[in-house]
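> This is the structure, below, for whatever I ask next.
Bear in mind these aren't lab numbers, they're just calculated from the coordinates by the rules spelled out. Note that the structure is predicted; figures quoted are calculated from it, not measured. Here the Cβ positions follow ideal geometry from the backbone for every residue, glycine too, while neighbour counts run over all protein chains shown.
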Amino acid sequence: MIHRGHLVEIWAVPGSDILEQAVRRAIAHRALPIERKGLRGIIAVRRALALTRPDVINTHSSTDAWLVALACRTLRDPPPMVRTRHISAPVPDNRATHWLYTRATRHIVTTGERLRETLIRDNRYPGDRITSVPTGIDPARFHPGEKGAARRALGLDPSARYVGIVATLRSWKGHLYLVDAFARLVADEPGLRLVIVGDGPMRQPIEERIARLGLASRVTLAGRQERVEQWLQALDAFCLPSYANEGVPQALLQAMFTGLPVVTTSVGSIGEAVTDGVTGLVVPPKDAPALAEALRRLLDDPALAARLGGAARERAPKQFGLETMLTGMEAVFRRLATPVSFSPEPSR
């Protein structure tokens, strides 16, 4: 958005990854105590709104949406709020949340059409105030690479075969099902390895499952990595066995941009990116045997893996490119943004 001529400022919790990235990229930013709902956060957001006077403000979670909504209630002519929904977790159907989404929010953006349809059908939100803007991936960063070079740079065995996942270690990402599926494959595949990139609250349960199944020598827990694209380029197949909450997962799209054959589920809006048998393999959620079988198909059939990876690489940039996302979000912002000059004094 900055490259398109807009002024951008990021507001986030002190010490958060996004603020560190803002510092690194010299993007204007503001550390605010918005990690939880409360008066302190409302006051901090209100002060920031009064100082910066944005034309539009975009929130990305329940907590920041509530803090912004309540802070705006204390201002004359507050900026319009855009609420982006990245996940498919149900939105509570109560009066307070209905007010947040239909009165305090000027427009809702979902990262998938299925998420949009769910809000219209289940929550009865007006469809003309909800826009689906697909997640955007930078093709200059995520693209096929030389597998051997990537493995040498990462210290991985160039002769092994690698299945991998890139995701925050949360329960609903399905890591435990992937570990169980991998355990079914290793007996027949002595050169097979599993790479888990990411960190999060499920790290200990995942480590315990790996140890219990005797897979420690076959699994790499790489933790959080800055150069995710290099890890993707080192893989033979990508797997994301999520069973809840997904919109269109960025890591899945990144794998498709890289030209990897993918195995995933149909949770959330994943089906808008992956068509079973065309751009990947889709299995039921929470089904380790089905997951293992799909991975075995890719490993046993190089022609199938190449066809699926190639189709994913061809299709994904057309629908999920970075410029497509920026154009969609810019259109929403332009529609709502008007010059604002609000007073920090509450209306009477």
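> Just the C-alpha atoms of the range 1-87: what Rg/Rh do they give, with Rh taken as the Kirkwood radius?
Rg/Rh for the range 1-87 comes to 0.94.
> Could you pull out every residue, at least 5 positions away or on a different chain, whose amide H is within less than 5 Å of the one on residue 137? Hs are placed 1.01 Å off N in the peptide plane, and Pro or chain starts have none.
Under 5 Å from the amide H of residue 137 lie the amide H atoms of 321, 322, each far enough along the sequence or on another chain.
> Express in nm, to one decimal, how much length is gained between residue 122 and residue 152 on full extension, taking 0.36 nm for each residue of separation and deducting their alpha carbon distance.
Additional length available on full extension: 5.8 nm.
> Rank 330, 207, 146 by mean-square fluctuation in a GNM of the chain with C-alpha springs under 10 angstrom and give only the top-ranked residue.
146
> How large is the direction-averaged shadow of the alpha-carbon convex hull of the range 106-239, in nm²?
That works out to 10.7 nm², a quarter of the Cα hull's surface.
> Give, as a single signed number, the net charge of other residues whose beta carbon lies under 12 Å from the beta carbon of residue 234, with Lys and Arg counted +1 and Asp and Glu -1.
Summing Lys/Arg as +1 and Asp/Glu as -1 gives +2.
> Further question: Gaussian network model of the chain, Cα springs within a sub-10 Å range: biggest mean-square fluctuation belongs to which of 264, 324, 111?
Looking only at 264, 324, 111, the largest GNM fluctuation is found for 324.
> Return the lysines within reach of residue 286: Cα separation strictly under 16 angstrom, same-chain partners fewer than 8 residues apart disregarded; answer none if there are no such residues.
In chain and number order, the partners are 173.
> If you don't mind, another one. P(r) for the range 36-88, please, calculated from all Cα pair distances in 5 Å bins and given in %.
Histogram of Cα-Cα distances, whole percents per bin: 4, 23, 33, 24, 12, 4, 1.
> For the chain, what is the mean residue ellipticity at 222 nm derived from helices alone (per DSSP H run of n ≥ 4: -39500 (n - 2.57); sum divided by total residues; nearest 500 deg cm²/dmol)?
-12000 deg cm²/dmol
> Using the C-alpha atoms of the chain, what convex hull volume per residue, in cubic angstrom, is computed?
It comes to 144 Å³ per residue, whole-number rounded.
> Could I ask something else about it? Looking at the range 90-185, which trypsin sites (Lys or Arg not before Pro) are DSSP coil and have at most 14 other C-beta atoms within 10 Å of their C-beta?
124, 141
> Same structure again: Quick one: pull the percentage of alpha-carbon pairs in the range 268-322 with a separation above 14 Å.
Within the range 268-322, distances greater than 14 Å cover 57 percent of Cα pairs.
> What do the square roots of 5 times the Cα gyration tensor eigenvalues come to for the range 147-319, in whole Å, largest first, as semi-axes of the equivalent ellipsoid?
21, 18, 16
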